[in-house]
Structure formats: C-alpha cells, structure tokens
Amino acid sequence: MKVLALNGSARGGKGVTARLLAALTSGLTGGGAQVRVMEVARLKVAPCLACLKCMLKTPGVCAQHDDMEQVYPALQAADLLVLATPVYTDNMSAQIKAVIDRCICTMQPFLTQGPDDRVRHPAQWSMPGQMLLLSTCSFPEPATFAPLVATFRAQAANFFSQPLAELCIPGSIALQMEPQRLEPHLELLAQAGLALAQSGQIPPALLEQINRPPLSPEQYLEIGRRYEEVCRQRLGG
Ligand SMILES: Cc1cc2nc3c(=O)[nH]c(=O)nc-3n(C[C@H](O)[C@H](O)[C@H](O)COP(=O)(O)O)c2cc1C
C-alpha cells in the first residue's frame, strides 16, 4: 500500500496534528506500507485561479507552476491519501483546502451521474482510491468536527475516492498543557495504522476508541484553567 499523508497544520511538525500523524504513520510503516509525508505549510501552493485551463486547454494539467508540481505525482502514486488537518474555523485548514481545490485538474469538464446518483465531473486522472481524515481541534467536544467530516466526505465523493475513516481527537489546548494525556490515543493510532496496512481497514471497535475524546469536558476545563493562567501571564496581567 502506498500512502501519501498531507499535514495541513500551519505549525507543521510542531503541532498536535504532527504527533497524531507520526503515530498513525509509524503503524502504517510497521505494517509494510510505503508512506510519504508532506508538510503543506512548507510548500508554496497558491489558491486555484478558476481559469479552467486544466479542463479546457491543457487537460489534467494545472496552469500554475508552484509546489503542487510535487504533490500531483505523489497523489498519482498513492493508494491512500491521509488528510491530516487541524480544525480551523470549523473546517480544514486553508493550506489543505488550497491543495484540494487545485486537484480540480483531475476532472474533465463533462458531466456524469456518479455512483451516488449525484452529477459529477468525470475524472481526467485518478486521485488515490481511498482517503482518510485525521484531525484535532482546541475544544473538547467531538461535535466540533461535524462540518469538517461532512466536507471531507463530500470531497472524497467529488474525487470518486472512498472515505475510509475519520479519526478526530479533540481537546488540543489541554493536550498541549499535558502532552502525556495523548499517549493512549497515539498508541491507538499506531494500531490503526498497522491494521490498515495489514488488512486495508481499521476495526470498528478501534475506530470507536480513537474517536472517544481523551478528556471529559470537566477534565478539559480543569486543565483549561491553568492554560488561562499561562495566557494571562503572557499578556502581562
Ligand atoms: C485560524 C484558526 C482557527 C481555529 N478554529 C478552531 C475551531 O473552529 N474550533 C476548534 O476547536 N479549534 C480551532 N482552532 C484550534 C486548532 O484546531 C488547534 O490549535 C490545533 O491544535 C491546531 O493544530 P496543530 O496543533 O497541529 O497546529 C483554530 C486554530 C487556528 C489557528
């Protein structure tokens, strides 16, 4: 299995997203998958210009020349695309969204009835057959991920990819105050990566465990009070 993992955090390797992704990819690699990780924040990826040259002038090829020229071949080589993104204003990061928008060059201008009975553009070239969402967010409630998950599933459908799973771990403010609280989830993510590489899927019970928040709202708020103290000190008050 060839995996392309895009880390869409603006903080790149320093963020919680990177910790989650490292755990997942350690399991994937341990199970024999070939994994390539790209930090989107290190790449120069301009927003889509909507010029539609990729559909009407140079089919399948974007008119812009930037670091997407590294991402396109990596996408073409991958069986599984891991979209690792923090929640930014209730959705994926702008960094990841720019990459996804630029993948409109995978589409032909024509119209077809998709397998889900929705009208789609047929593919010019194929995105990875499967996609997986990995995310974190500051606040403690799993409901925070609802718009992101809906967007992720819609994007997978746009690209005729199967949305394999959503792995969403909330509470990053507290998890950064007490990084050891994330350890059990990192272990679960490593197990998920291993299972994925070996069997092509994540067992439902494991998925359920991963998506169970590491902290209760009460635990989160208790740690959050110390976080507020740190903020006040930094503000000089
Ligand atoms: C621009 C921006 C918007 C954010 N919006 C939300 C949000 O809507 N809900 C939330 O729970 N966290 C939100 N966060 C917090 C991030 O999801 C959180 O800090 C996460 O840990 C960032 O990922 P990282 O640790 O990999 O950098 C936002 C952060 C930024 C920078």
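All of the numbers you see were taken from the coordinates with simple rules; none came from a lab. These numbers come from a predicted model, not from an experiment. Cβ atoms come from the backbone with ideal geometry, glycine included; neighbour counts cover every protein chain shown.
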Quiz item: Could you put M92, M38, M131 in order, starting from the residue whose Cβ has the fewest other Cβ atoms within 10 Å?
Solution: M38, M131, M92
Quiz item: Ordered by residue, what ³J(HN,Hα) values in Hz, to whole numbers, does the range 55-70 give under the Karplus form 6.51 cos²θ - 1.76 cosθ + 1.60, where θ = phi - 60° and Gly and Pro are x?
Solution: 9, 10, 10, 10, x, x, 10, 5, 7, 8, 10, 8, 6, 4, 5, 8
Quiz item: How much net charge surrounds A150 when only other residues with a Cβ under 12 Å from its Cβ are counted (Lys, Arg +1; Asp, Glu -1)?
Solution: -1
Quiz item: Across the range 196-203, in residue order, what do the Karplus-derived ³J(HN,Hα) couplings come to in whole Hz, using 6.51 cos²θ - 1.76 cosθ + 1.60 with θ = phi - 60° and x for Gly and Pro?
Solution: 4, 5, 7, 10, x, 8, 10, x
Self-check item: Count of Lys pairs (Cα-Cα under 26 Å; at least 8 positions apart or interchain) in the chain
Solution: 10
Quiz item: Amide H neighbours of T136 under 5 Å, counting only residues 5+ apart in sequence or on other chains, H built in-plane at 1.01 Å?
Solution: T85, V87, I169
Practice problem: Set the Förster distance to 41 Å, then compute FRET efficiency between K14 and K57 from the Cβ-Cβ distance, nearest 0.05. | Solution: 0.55
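Rounded to the nearest 5, what % of the DSSP beta bridges within the range 2-234 are antiparallel ones? Spell out each step's value before the answer.
Values: 4 of 30 bridges.
Counting DSSP beta bridges with both partners in the range 2-234, the antiparallel share is about 15 percent.
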Quiz item: Put +1 on the Cβ of each Lys and Arg and -1 on the Cβ of each Asp and Glu in the chain; which of A197, Q155, S172 then has its Cα farthest toward the positive end of the dipole?
Solution: Q155
Quiz item: Shape of the chain from its Cα gyration tensor (a ≥ b ≥ c, root eigenvalues): rounded if a/c is under 1.5, otherwise prolate when a/b > b/c, or oblate?
Solution: prolate
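Is it possible to state the helix-based mean residue ellipticity at 222 nm for the chain, with each DSSP H run of 4+ residues giving -39500 (n - 2.57), the sum divided by total residues, to the nearest 500 deg cm²/dmol? What is it?
Rounded to the nearest 500, it is -12500 deg cm²/dmol.
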Exercise. In whole Hz, with x marking every Gly and Pro, tabulate ³J(HN,Hα) for the range 37-42 from phi via Karplus 6.51 cos²θ - 1.76 cosθ + 1.60, θ = phi - 60°.
Key: 9, 10, 8, 5, 5, 7
Quiz item: Using +1 on the beta carbon of Lys and Arg, -1 on that of Asp and Glu, and nothing else charged, what's the dipole of the chain about the Cα centre, debye to 20?
Solution: 600
Exercise. Give the long-range amide H neighbours of V37: residues separated by 5 or more places, or on another chain, with amide H under 5 Å away, using H modelled in the peptide plane at 1.01 Å from N.
Key: A5
Quiz item: Fewest to most neighbouring Cβ within 10 Å: what's the order for S161, S135, S26, S216?
Solution: S216, S26, S161, S135
Practice problem: Determine the gain in length on full extension of the stretch H65-D90; use 0.36 nm per residue of separation and subtract their C-alpha separation, reporting nm with one decimal. | Solution: 6.0 nm
Quiz item: Which residue, chosen from Q34, L132, C51, occupies the Cα position most advanced towards the positive end of the dipole of the range 2-234, where the dipole is computed from +1 (Lys, Arg) and -1 (Asp, Glu) charges on Cβ about the Cα centre?
Solution: C51
Self-check item: Amide H partners (placed H, <5 Å) of S93, local residues excluded
Solution: Y88
